[in-house]
Amino acid sequence: MANNKQICILCRGSSMPYAAKYFHDLDKDMIVVNEFNEELKNDFVARLFEEKDVVHMVSRDTGLSDLRPEYYKKYNITKAVLNIFEDEYNKRSSMRNLLENNGLKTSCLPDTMKPFQKEGGGFPTTGVISVVYSTVVLGKKDIHIAGMDFYEKDYYVDIRANDHQKRKGMVMKNFIEPFMQKFPEVNYTFYTNSSFKSSLNNVIIVDEQSRSAY
């Protein structure tokens, strides 16, 4: 990724179209989270993939969180980060093998992220990992997130958020606020359709459904 301080993160919630309005004016670095095969049939998503330098953040779910091989080639995506640490990464998971067979350079989460795990270990979601990764590993100072609705809304495509995911959304909220509080020098902007609010001075929440920004 380019050596700049700004990045955008694209998740798959109903608020994803905010990216079409706000991401084009941002720097080129963009992390996309998990599988976007259906979303890429939309022109606004394809345009973002074309103009940004995309790094793919993926979960362990082989065949569920990777892109089709032709999309990696079409959008010149050459790097993928697996949401696992080195010990698991070195066991050569099926996801790592799949991505590398498609010509991607893969990496894992560095140990510098371990102190920021939630109680009991790990992180709530791959989307949250992307925020932590951008902050701790990439050292970004201006982080923009679209499509993260904390499972209060359904996905942008025709996928409903299930009860387990909705419970996970609460864990995400409980994690992300104290994490961002540790980095007052970093600005976080969420474009979301969720009820997420923040009292932190370094957090902006854009919710056009309620016509508000916090």
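The values are calculated or read from the model by the stated rules, or taken from the named source; none is laboratory data. Just so it is clear, the model here is predicted, and its values are computed rather than measured. With ideal geometry, Cβ positions are generated from the backbone for all residues, glycine too; neighbour counts draw on all protein chains shown.
Miscellaneous remarks
- Filter result (touching a helix residue (DSSP H, G or I) at 6+ places or on another chain (Cβ under 8 Å), closer than 21 Å to Asp207 by Cα and of a type outside the set (A, V, I, L, M, F, W, C)) within region 15-38: Pro17, His24
- For Gly122: the one exception among (1) modelled with pLDDT under 95; (2) more than 22 Å from Val206 (Cβ to Cβ); (3) crowded, with 18+ Cβ neighbours inside 10 Å: (3)
- Residues in region 39-64 that are over 22 Å from Arg96 (Cα atoms) and either in a loop (DSSP other than H, G, I, E, B) or among the hydroxyl-bearing types (Ser, Thr, Tyr) (or both): 2 in all.
- Being surrounded by fewer than 20 Cβ atoms within 10 Å (Cβ to Cβ), under 24 Å from Phe44 (Cα atoms), at pLDDT 95 or above and of a type in the set (D, E, K, R) holds for only one residue in Asp111, Asp142, and it is Asp142.
- Verdict on Val131 being closer than 17 Å to Gln181 by Cα and modelled with pLDDT of 95 or more: yes
- Scanning region 39-93 for residues that are of a type in the set (Ser, Thr, Tyr) and in contact with a helix residue (DSSP H, G or I) (Cβ under 7 Å, 6 or more places away or on another chain), we see that the one that is surrounded by the most Cβ atoms within 10 Å (Cβ to Cβ) is Tyr75.
- Scanning region 18-25 for residues that are touching a residue at least 24 places away in the same chain (Cβ under 8 Å), under 21 Å from Tyr151 (Cα atoms), of a type in the set (A, V, I, L, M, F, W, C) and surrounded by fewer than 22 Cβ atoms within 10 Å (Cβ to Cβ) turns up at least one hit.
- Which numbered condition Lys105 fails, given (1) under 21 Å from Asn193 (Cβ atoms); (2) surrounded by fewer than 16 Cβ atoms within 10 Å (Cβ to Cβ); (3) among the charged types (D, E, K, R): (1)
- The numbered conditions (1) among the charged types (D, E, K, R); (2) surrounded by fewer than 16 Cβ atoms within 10 Å (Cβ to Cβ); (3) touching a helix residue (DSSP H, G or I) at 6+ places or on another chain (Cβ under 7 Å) are all true for Arg96 except (2).
- Residues of region 101-158 that are touching a Cys at 6+ places or on another chain (Cβ under 6 Å), in a loop (DSSP other than H, G, I, E, B) and either among the polar types (S, T, N, Q) or closer than 19 Å to Lys28 by Cα (or both): Gly147 alone.
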